Every structure is written in structure tokens, then in C-alpha cells.
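**Q** Take a look at this one; I'll ask things after.
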Amino acid sequence: MIGMSRFLRSLGSVIFLTAGLFYVLAPPRTTTSFFDTPFPAIAWGSVFVFGGIVSLLGVITRYVHVERFGIFSIVVAGACLSVGQAFVMFDVPITWTRGGGLLVYVAFTLFSFERWYRLGADEQAINAVADEG
């Protein structure tokens, strides 16, 4: 069970990293035209790449603090992506067809936030043991 958990967390980290590369190397046209620059997509893509690498290193090395920092970066990138997509969606004329994708971004960001929050308890337990030792 633990091996499968580590595998899935590693795979998720690699997928976030890859998604970030897509945003950096090929920013979406709609986002670029809305903001008149590719910078927002490149910015959140870069944070996804960073978070994916750091969380992957944390999973591989089993350093909870490192994994948690990577997950936090993914949460920040996901929040920025969600806000950016909401701006694009609610621009006149409103494109309701983006609603499903936007909600998926928000959901994955919330799942990542839950993982970050849960790792906080593990981090506190590790710190408590280290402080006693």
C-alpha cells in the first residue's frame, strides 16, 4: 500500500511538472490574448515545474518537509491558474463552456491543499521528535 502511494504521488508530481512545461513552452492562446502577454501562463507554469520537481524529490527521498514545500508551490500555481481562467471565463462575452475546466482546476488545487495540510501534521510530529532528541 505504501509503495503504491509513493508511486502515485511521484506520478502526480511528474504530471504537474509536465503540465508546467506545457504552460511555459506553449502558453494558451486565450490566456495570452486576454492578458495581452504570455507572462501569467509562463509564471504559473514555472511554479508548477518547480513544485513538481521539489515534491518529486520529497517523495523519492522521503523528506516530508521537502514534499510539503513542493505541494505548497503546486497549490500556489493552481490558485493562480484558477484565478486566471476565471478572468478569461467571465470576460464579456462569458464563456460558460470553460466552467467545467475551471472547476476541475479548483478541485485539483483543493486536493493538493488537503495533501499539504495533512503533511503539516507529519511535519510537526517529525519536528517534535527532533526537538526531543
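Any read-out appearing in this document is the output of simple, stated calculations on the displayed coordinates, not a laboratory observation. These numbers come from a predicted model, not from an experiment. Note: ideal-geometry Cβ built from the backbone for every residue, glycine included; neighbour counts use all protein chains shown.
**Q** So what is the relative contact order of the chain, in percent, for Cα pairs below 8 Å that sit 6 or more residues apart? Provide the component values of the computation, followed by the final result.
**A** Working: 153 pairs, mean separation 28.2, N = 133.
Contact order relative to length: 21 percent.
**Q** While we're on this one: List 67, 123, 114 from most exposed to least, where exposure is judged by having the fewest other Cβ atoms within 10 Å. Please report the intermediate quantities before stating the final value.
**A** Details: 67 25, 123 17, 114 12.
Fewest-to-most Cβ neighbours within 10 Å comes out as 114, 123, 67.
**Q** Another question, if that's okay. Return the loop-located trypsin sites (Lys or Arg not before Pro) in the range 1-103 (DSSP other than H, G, I, E, B) with at most 15 other Cβ atoms within 10 Å of their own Cβ; answer none if there are none. Before the final figure, lay out the partial values.
**A** Working: sites: 6, 9, 29, 62, 68, 98; in loops: 62.
Taking the range 1-103 and a limit of 15 other Cβ atoms within 10 Å, the loop trypsin sites (Lys or Arg not before Pro) found are 62.
**Q** With charges set only on the Cβ (+1 for Lys and Arg, -1 for Asp and Glu), what does the dipole of the range 33-133 come to about its Cα centre, in debye to the nearest 20? Can you show the working numbers first?
**A** Details: 5 positive and 8 negative charges, 53 e Å.
Here the size comes out at about 260 debye.
**Q** Fewest first, what order do 83, 59 take by the number of other Cβ atoms within 10 Å?
**A** Working: 83 15, 59 24.
So the residues, fewest neighbours to most, are 83, 59.
**Q** In percent, how large is the relative contact order of the range 47-113, given Cα pairs closer than 8 Å and 6 or more residues apart?
**A** Values: 67 pairs, mean separation 21.1, N = 67.
Here the relative contact order equals 32 percent.
**Q** For the residues 96, 44, what sequence is obtained by ranking on other C-beta atoms within 10 Å, fewest first? Please list the in-between numbers first.
**A** Values: 96 9, 44 25.
Listed from fewest to most nearby Cβ atoms, that is 96, 44.
**Q** Would you mind checking the tilt of helix 64-89 against the longest principal axis of the Cα atoms of the chain, expressed as 0 to 90 degrees and rounded to 10?
**A** Helix 64-89 sits at roughly 10 degrees to that axis.
**Q** For a label point 7 angstrom out from the Cα of residue 18 toward its Cβ, which stretches of the range 25-54 have the backbone nitrogen within less than 20 Å?
**A** 25-28, 42, 44-54
**Q** Something else about it: At q = 0.15, 0.19 Å⁻¹, what base-10 log of I(q)/I(0) does the Debye formula yield for the chain when every alpha carbon is treated as an equal point scatterer in vacuo?
**A** With one equal scatterer per Cα and no solvent, log10 I(q)/I(0) is -0.73, -1.02.
**Q** With the convex hull built on the Cα atoms of the range 1-73, state its orientation-averaged projected area in nm².
**A** On the way: hull surface 19.1 nm².
Over every viewing direction, the Cα hull of the range 1-73 projects on average to 4.8 nm².
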